[in-house]
1. When you check L155 against the structure, is it open to solvent by less than 40 Å² (accessible area, probe 1.4 Å), aliphatic (A, V, I, L, M) and farther than 23 Å from V273 by Cβ, yes or no?
2. Need a quick list: helices (runs of 4 or more DSSP H) entirely within region 189-253 having at least 3 residues that are surrounded by fewer than 18 Cβ atoms within 10 Å (Cβ to Cβ), of a type outside the set (F, W, Y) and modelled with pLDDT of 90 or more.
3. Out of curiosity, is I65 closer than 21 Å to I339 by Cβ, modelled with pLDDT under 95 and either open to solvent by less than 80 Å² (accessible area, probe 1.4 Å) or aliphatic (A, V, I, L, M) (or both)?
4. Of the conditions (1) open to solvent by 50 Å² or more (accessible area, probe 1.4 Å); (2) in a loop (DSSP other than H, G, I, E, B); (3) within 26 Å of V26 (Cα to Cα); (4) free of Cβ contacts under 8 Å to residues at least 24 places away in the same chain, L185 clears all except one; give me its number.
5. Restricting to region 38-62, name every residue that is loosely packed, with under 15 Cβ neighbours inside 10 Å and within 20 Å of the chain's Cα centre (by Cα).
6. Among the numbered criteria (1) under 17 Å from the mean Cα position of the chain (by Cα); (2) open to solvent by less than 20 Å² (accessible area, probe 1.4 Å); (3) within 28 Å of L179 (Cβ to Cβ); (4) of a type outside the set (S, T, Y), which one does P78 miss?
Amino acid sequence: MKHITCIEDLRQVHMRRVPKAFFDYVDRGSYAEETLRANREDLQHIKFRQRILVDISSRDLSTSIVGEKASLPLILAPVGSTGMQFGDGEIHACRAAQAAGIPYTLSTMSINSIEDVAENVEKPFWFQLYVMKDRGFCKALIERAIAARCSALVLTVDLQVIGQRHMDIKNGLSVPPQLLNAKNLFDFATKPAWVASIMRGKRRNFGNIAGHLPGAQDLASISGWVASQFDASLNWKDVDWIRSIWPGKLIIKGILDVEDAHEAVKTGAQALVVSNHGGRQLDGAPSSIEVLFDGGIRSGQDVMRALALGARSCMIGRAYIYGLGAFGGPGVAKAIDLIANELSVTMGLCGVNKISEIDEHVVAI
């Protein structure tokens with residue numbers, strides 16, 4: 001990895017090493033991908049104020065995220081099917097995050113289960129919850145997260161209906177999945193290292209669901225069940241119900257509107273993630289740089305921009321998945337390290353030494 005200097009380098013290796021269907025699942029967005037593009041473009045329009053002759057010899061990236069000490073203001077976001085980018089991908093990513101001293105969030109739609117990850121890492125991690133129509137299954141998921149000592153529950157609230165992702169359909173990631181076609185099989189055959197990693201992995205199915213539902217064991221039946229479970233009736237009362245079960249920190253992810261933010265605060269949530277689901281849901285929604293931050297982070301400069309506009313920390317999804325698909329766990333560690341180093345340099349050039357010193361004065365508005 002000595003020639004990897006930025007997240008885009010990891011993306012290029014990921015694209016070569018992972019089958020197109022799974023690369024596109026991470027890399028692409030919904031519909032015309034306007035929001036996906038805006039996430040990056042709006043960040044890039046924010047320029048910094050360079051400051052000189054300031055003592056920047058004691059730069060410190062450490063901070064606190066919902067009461068947890070962190071080495072930098074960064075969180076690995078929940079990404080579904082991470083274990084199909086690299087075998088046991090969720091375990092590798094969680095280990096890399098914990099080694100770096102930042103939180104990792106396990107997706108409901110992970111390949112490794114809650115229990116798989118808990119058995120293979122040293123510290124608690126966060127768990128992301130989708131509320132499904134089957135409230136009994138949902139309650140059981142929360143109870144499993146409690147048993148695994150997850151330190152925060154991240155409730156995703158912007159997936160009551162699924163935005164159409166054109167490339168997933170074209171690639172066979174439909175419901176039920178049609179991955180075993182001639183095009184995909186040929187692609188798989190040209191990626192022997194990926195095949196080997198997947199075969200070494202403990203699971204090749206949705207670990208939080210397989211074995212926990214009668215009659216839902218294979219990928220097709222589980223995918224069909226999941227597609228039928230997204231609940232259009234989900235509302236704020238359901239958040240109260242979740243609070244009655246979950247005793248720990250609650251983080252609500254998927255806020256884009258001020259009124260919704262006020263409602264979320266009323267629930268007693270410890271944090272809000274202002275997110276447009278990485279441009280994978282409502283296309284045409286505002287890019288999340290307008291408020292807090294989750295979406296489009298590719299560098300330490302991006303983290304600095306988000307913090308300058310009021311974010312306390314940032315979530316990354318694609319950025320670390322590119323590293324995972326490229327090199328496994330060491331690739332995730334590389335992605336985190338790249339962003340940390342870029343943030344440190346950017347802080348220095350803007351004349352700040354601590355995360356708490358970053359505000360609107362570091363950007364040229």
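The values are calculated or read from the model by the stated rules, or taken from the named source; none is laboratory data. In this text the structure is predicted, and so the values were computed from the model without any measurement. Counting neighbours? That spans all protein chains shown, and the Cβs are built from the backbone with ideal geometry, glycine included. Only protein heavy atoms, including side chains, enter the accessible area calculation; ligands, DNA and RNA are left aside. Shrake-Rupley method; radii C 1.70, N 1.55, O 1.52, S 1.80 Å.
1. Judged against the criteria, L155 is not a match.
2. 192-200, 236-245
3. Values: closer than 21 Å to I339 by Cβ: yes; modelled with pLDDT under 95: yes; either open to solvent by less than 80 Å² (accessible area, probe 1.4 Å) or aliphatic (A, V, I, L, M) (or both): yes.
Yes, satisfied.
4. (2)
5. Once the filter is applied, which keeps residues that are loosely packed, with under 15 Cβ neighbours inside 10 Å and within 20 Å of the chain's Cα centre (by Cα), region 38-62 yields only E41.
6. (2)
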